[in-house]
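Report on one structure; see the data block that follows.
Every number in this text was worked out from the coordinates using simple rules, so none of it is lab data. Keep in mind that this is a model prediction, so the values were computed, not measured. As a convention, Cβ positions derive from the backbone with ideal geometry for all residues, glycine included, and neighbour counts pool all protein chains shown.
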Amino acid sequence: MIILISGYVLFAGCTSNNPQASGKEKTLIVGEMWKVSEINPGGGHSGGTFITEKAIVTETLVGADSNFGLVPNLATSWKQINDTVWEISIRKGVKFHNGKELTADSVKFSLDSVAKNSPTTAKLMDYKMSEVVDPYTVRIHTNSLNPLIPAVLHYPDTAIIHPDSYDAGGNFIKPVGTGPMMLESFNEQTGEVVVVKNSNWWGGVPNIDRMIIRSYENPETRAMLIEKGDVDFTVDPPYSEVNRIDALPGIHVEKYNTPRVYKLDVNMKHSPLDDKNVRKAISHAIDRDGIVEHVLYGVGSQAGGVFLPTMRWANTSLQPYSYDPGLAKQYLEKSGWRDTDGDGYVDKDGRRLKLKVLTYIERPGLPPMLESICANLKSIGIDTEPVVMENSALSPLLNNDEWDLYLAAYNLAMVPDPEYVLNSWYTTNGPNNRAGYSNPVVDRMIEEGHYINDLNERYDHFRRIEGIIYDDLPTINIAYYGVAIVMKDNIKGYKFDPTAHDYRIDPFMTIT
Amino acid sequence: MSRAFVYGDSVRQDLRKEGVWSELFTREPLLFVVFCLIGLIFLLALIGPFLVTQDPNATALGYKNRGPSLTHLFGTDYLGRDLFSRTIYGLRTSLFIAVSTILLTFFVGTAVGCFSAYCGGRIDEVLARIIDLFLAFPAIILALALVTLLGPGLLNMILILVIVQWASFARLMRGQVLSEKFQEYILSSKAAGLPGWWIIARHLVPNTIMPVVVLATIDIGHTILTISTLGFLGLGIPPTIPEWGSMINAGLSYMRIAPLNVIVPGIAITIVTLLFNVAGEGLRDLSNSEQDQGMVL
């Protein structure tokens, strides 16, 4: 018996060591920043971002270039047939991981299931149905005119999976996609995901043979793991350690901007925040340069307009509001806020200007940024009551209107088009219009923009809207979100995808 | 009757005695030093605002994470704020919350425990079960739940800590009163027709309070630790009020490039908690030996 067991152990040892011994298999161990709980892109729980961008198992129909312009991916072209119908041509010769070919039927199946499972996606698409025209053509019918369809098809939750991903009873088993890596295992307890190379990928042969993704939610843990060499590739160590880690031998850090903005929502339902002068004062009181350099340690950049300047539709003439406490005080005085009782805080009609400022702890840049902003506001005489809690614990305060300013980091390119963000954040009935902003001109212009199909004209139109909002300040933009990618020096040629939610694994990076 | 009166009066007289400090100094020099240090800490908290030259919340981003210097005795934190003034203000926060909590807890706990034990019967039965219920709950979990429920803030913090801690005071007081209330002097007071409140206030409390005083002293240390724990977990005190636990929590991300962010408040918590614990222990030993002497008498 003992011989048998020891023999087995020996044998097991041999097999697992073999590929390494031959030195051929190139394994990449990734330290992911979020807990992995969902690997179904269309499951309705935002599994798309992980499985499409980080595990690179699935792919979307539409891709995006570094300026957020839409480019062909699994779809080779798309055109609008009439107000409510888009026709998508599907790339020929693409094979799923089970060897079957990508056809219009599987596209229809994927879109139907994501529309069924994910109300957000269904709403974004305004989805009615998909129609198979021929094996390589599918038509998407919407309930009303929706120029956003190609942009939504870049949203990772709409990634295409084969019907074999589900069993006969309609239960999800695993994602059978078309991407450069194939899923080997997913441990639901630990969240560990193992993917292996798909040699038949239509885009070329990946340079990574095997990738193990483990999640470590704590930034300090990720920093220590890459220092000790336990992971090869990870993101977002504590920002303060970026320079120290970069200086270590054998690892280096690359900093990029991601489509996310740190912004202060201003509760315009509360007096005196309905006063534009007060909002301007707040914006001019904030030391954005100091925040980027000393709070974010250079991981990020100062924000002017809401959109990243590299986005094709961004209004690049919008500069960050200058840090000018003197000007800020002038704005306050214009509206009658002065420090009459000499207590260091401005007041009006016997009332001190005090604001309740909220933020959450999940993103490491937010709490120190909030402290810094509160100190900035104090310097122009605005008193603050900061609240820093877990995201979920903030909801009661936000929902009961018990807040004045809300510091948060929001994604800007769920879909790569300006309409989505502007409509959702700034129209009177926008689902994420936390500020309670209502400007009839903006409402009308966004409505008009919906019907402009020509991209240049469309982007120009939305640039004008961005300019109006920049001046109105329903949200005060602080900084564009940065990501710090840490990898071992033996990983070369990593190409960052600026449209990715946090980061995208590049299948062509080489491990030496 | 005579024994109890002798004991009770002797304790009170001892406390009032003018030479109590010199006696403490000769009998327990270490304890004397500890009490002096605690006095110093209170003094530091009181005159803190006159002592520090810098606003504890004024950021100077360009001067972040600096080491100690003449202008910044303990260096600066991750936003360039002066760590010395933050530590002093943190002391004020901790002491203010801890002392208010202990005073309130002491009052509530003593009152409930005394009332429950003196009344006896059904009332005692019900109150004792309520006390058990509160004691059965792990303190930190109860505190966490309450923070989520009530939200952060100084006053809420005090309220939460009182809710978490009153039961241990009440239980101790109840036990003390239970063992005392059938003593002859109490029974004779009752027989003499004295009103209940008079008996409680004049006879029961003075003769049973000492162990609760000891508990209160030790609990100041515990309370400061609990405040820091809640602060460390990111709950409780809003970030613009300097507090040691939240200073450590926020400083963690900077620990490896600027360890003072964590070390300074960490040492502060250790020193203050240790002082109160040693004082409490010492007081207990002292009161035990007093009690022994009382017994002998």
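Please state the relative contact order of segment A:27-192 as a whole percent: Cα pairs under 8 Å, 6+ residues apart?
Values: 334 pairs, mean separation 49.2, N = 166.
Reported relative contact order: 30 percent.
Computed from the mean reciprocal separation of all distinct C-alpha pairs, what Kirkwood hydrodynamic radius does segment A:258-482 have, in Å?
17.8 Å
Report relative contact order for chain B in percent, whole number only (criteria: Cα-Cα under 8 Å, sequence separation at least 6).
Taking the mean separation of contacting Cα pairs over the length of chain B, I get 23 percent.
For chain B, what does the helix formula give at 222 nm: sum of -39500 (n - 2.57) over DSSP H segments with n ≥ 4, over the residue count, nearest 500 deg cm²/dmol?
Theoretical 222 nm ellipticity from helices: -25000 deg cm²/dmol.
Helix A:219-228: angle to the longest alpha-carbon principal axis of chain A, degrees 0 to 90, nearest 10?
So the inclination is approximately 40 degrees.
If we sort A:131-141, A:284-294 on the protection proxy, mean other Cβ atoms within 10 Å, highest first, what's the order?
A:284-294, A:131-141
Would you kindly derive the ³J(HN,Hα) couplings of segment A:50-63 from the backbone phi angles with the Karplus curve 6.51 cos²θ - 1.76 cosθ + 1.60 (θ = phi - 60°), listing them in order in whole Hz, with x for Gly and Pro?
5, 6, 8, 9, 9, 8, 6, 8, 10, 9, 9, 5, 10, x
Tell me, what does the Kirkwood hydrodynamic radius of chain B come to in angstroms if you use every pair of distinct C-alpha atoms?
In chain B this quantity evaluates to 21.3 Å.
Taking the number of other C-beta atoms within 10 Å as the exposure measure, put B:275, B:149 in order starting with the fewest.
Placing the least packed residue first, the sequence is B:149, B:275.
In degrees between 0 and 90, to the nearest 10, how far off the longest principal axis of chain B does helix B:83-119 point, with axes built from Cα atoms?
With rounding to tens, the tilt is 20 degrees.
What is the average number of partner chain Cβ atoms found within 10 Å of a Cβ in A:278-291?
What the average comes to for A:278-291 is 1.
Among A:508, B:84, B:32, what is the fewest-to-most ranking by other Cβ atoms within 10 Å?
Ranked by crowding around the Cβ, least crowded first: A:508, B:32, B:84.
For helix B:139-150, report the angle its Cα long axis makes with the longest principal axis of the Cα atoms of chain B; keep it between 0 and 90° and round to the nearest 10°.
Result, in degrees: 70.
Over the whole of A:372-380, what's the average partner chain Cβ count within 10 Å per residue? Rounded to a whole number, please.
3
Would you mind ranking B:26, A:510, B:240, A:52 so that the residue whose beta carbon has the fewest other beta carbons within 10 Å leads the list? Provide the component values of the computation, followed by the final result.
Values: B:26 10, A:510 13, B:240 19, A:52 27.
With the fewest neighbours first, B:26, A:510, B:240, A:52 line up as B:26, A:510, B:240, A:52.
Using Cα positions and a limit of under 19 Å, work out the lysines in reach of residue A:488, with same-chain residues fewer than 8 apart set aside.
Counting by Cα, and skipping residues close in sequence, residue A:488 has these lysines nearby: A:24, A:26, A:54, A:228, A:255.
Cα centroids of segment B:95-124 and segment B:132-197: how far apart, whole angstrom?
4 Å
Can you give the average number of partner chain beta-carbon atoms within 10 Å of each beta-carbon in peptide A:238-244, as a whole number? Mind showing how you got there, number by number?
Working: counts 6, 2, 10, 5, 1, 1, 2.
So the per-residue partner count for this stretch is 4.
State the volume of the convex hull built on the alpha-carbon positions of chain A, expressed per residue in Å³ and rounded to an integer.
Per-residue hull volume (Cα only) is 172 Å³.
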